[in-house]
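Have a look at the structure below before the remarks.
What follows draws every value from the coordinates through simple rules; no lab data is involved. All of these numbers come straight from a predicted model, not from anything done at the bench. FYI the Cβ positions are ideal-geometry reconstructions off the backbone, even for glycines, and counts take in every protein chain you see.
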Amino acid sequence: MYVTPESLVSRGSGLIRPECVIAHRSGWLFAPWCGEGGGISAISPTGAVHTHRVSRTGPGVPDALFPNGIALEDGGSFLIAHLGPEAGGIYRLAPDGTATLVTDRVDGAPMPPANFAMPDSRGRVWITVSTTMIPRALDYRPDAGSGFVAVHENGRTRKVADGLGYANECLLSVDERTLWINETFARRLTAFDVTEDGLANRRTLAEFGPGTFPDGIAQMEDGSLLVVSIVSNRVLRVWPDGRVETVLEDSDADHLATVEAAFQAGTMGRPHLDVARSDRLRNISNLAFGGPDLKTAYLGCLLGDTIESFDSPVAGRALPHWTHDITPLLDIFGASA
């Protein structure tokens, strides 16, 4: 299974930092919109783009949200992980444009910039915080270790795993007994057992080499995991036995060598992430399966203004939001599912 950059297909236009893509069975795609005030970009099955902005804010909501990870809820609302410059939180954006606070504290302390939010079937929300260092670029280092996972349940948010090497996207298994998470600058894919109290039995499923900085994660029907790397624009397939194969790569060798040297020297910073030197992809960060047969892989990115996709010979796993009722949201756009 290998995909060339030339075979990619674009969808949408004018998007602003569509870092995390969500695909729905209706054919609609959703991604963060990081324009003024924050919100969601919604791309229709025909490719038309609608911007669902935050229009009203409830108590405790910042004047402007910077959405990073997003999660689609039944009824068409979204959970937004706010990646503020110094503070974070999880907020809910309703179909009518109202943003309300879900949580902005962890164990009673202010939440650092939040990376990702994932609800489960019990109503809990799993939250990743990449680093407690401010600015975050101070932790673009091989020894990064201040990231953590928290869970929000019954009005309380608590840490359940700490000491992660830049905690990024996470994913629950179908039975919700396992949580996988990418540690971007520790360069590993990590798994935990999900317990009644939180997480246990931390273990490494795969370690990655030069040029790979794992960010997004998705699962295929055969149980293998797809890991998306920023900077190198790599999609890697990780098998249950730990084997890793490259599915896609679109990188410039000189640029990758420069970033790698800075990373190893402890001098990597925003300038290394804020430029894309590649043929097609613009710092991909996420992958979501969609299409009528769940064989279309959509790629979120940090620097592009479209969503690129490729055809997969193996279907992706349908996530819980795949079948959510989003009628109230589509009514805002004058559309139907």
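Comparing Ser121, Leu303, Ala81 along the charge dipole axis of the chain, the residue lying farthest to the positive side is Ala81, per the Cβ-charge model.
Excluding the sites themselves, what is the longest stretch of the chain that contains no trypsin sites (Lys or Arg not before Pro) in a DSSP loop with at most 13 other C-beta atoms within 10 Å? Don't skip to the end; give the middle numbers.
Values: sites that count: Arg122, Arg177, Arg243.
Counting only loop sites that pass the neighbour cut-off, the longest clear stretch is 1-121.
Shape descriptor for region 1-107: Rg over Rh equals 1.02 (Cα atoms; Rh from the Kirkwood inverse mean 1/r).
Would you report the distance distribution of C-alpha pairs in the chain as whole percents per 20 angstrom bin, up to the bin with the largest distance? Once binned at 20 Å, the Cα pair distances of the chain give 34, 62, 4.
For region 281-337, relative contact order (Cα pairs under 8 Å, six or more residues apart, normalised by length) works out to 27 percent. In terms of surrounding Cβ atoms within a 10 Å radius of their Cβ, Ile90, Ile217, Ile127, Ile332 rank from fewest to most as Ile332, Ile217, Ile90, Ile127.
At q = 0.17 Å⁻¹ the log10 of I(q)/I(0) for region 68-157 amounts to -0.68, computed by Debye summation with a single uniform scatterer per C-alpha, solvent ignored.
Under the criterion of Cα pairs below 8 Å and six or more residues apart, the relative contact order for the chain equals 17 percent. In vacuum, with every alpha carbon of region 47-105 counted as one equal point scatterer, what does the Debye formula give for log10 I(q)/I(0) at q = 0.15 Å⁻¹? Two decimals, please. Those come out to -0.40, one per q.
Relative to the current alpha-carbon distance between Arg158 and Arg105, full extension at 0.36 nm per residue lengthens the span by 18.2 nm.
In order along region 143-149, the phi-based Karplus estimate (6.51 cos²θ - 1.76 cosθ + 1.60, θ = phi - 60°) of 3J(HN,Hα) comes to 9, 3, x, 9, x, 8, 10 Hz; Gly and Pro are listed as x.
For the chain, adding -39500 (n - 2.57) for each run of n ≥ 4 DSSP H residues and dividing by the number of residues yields -2000 deg cm²/dmol at 222 nm.
The string of couplings for region 191-206 from the Karplus curve (6.51, -1.76, 1.60, θ = phi - 60°) is 10, 10, 7, 8, 10, 4, 8, x, 10, 8, 6, 5, 8, 9, 8, 7 Hz, one whole number per residue in order, with x for Gly and Pro.
Working from label points 7 Å from Cα in the Cα-to-Cβ sense, the Arg177 to Glu207 distance is 2.8 nm. Charges only on Cβ, +1 for Lys and Arg, -1 for Asp and Glu: so what's the dipole of the chain about the Cα centre, in debye to the nearest 20? For the chain, the charge dipole is close to 340 debye.
A straight chain from Thr258 to Ser10 at 0.36 nm per residue would run longer than the Cα-Cα distance by 86.4 nm.
For Gly163, the residues whose amide H sits under 5 Å from its own are Gly147, ignoring neighbours fewer than 5 places away on the same chain, with H placed 1.01 Å from N.
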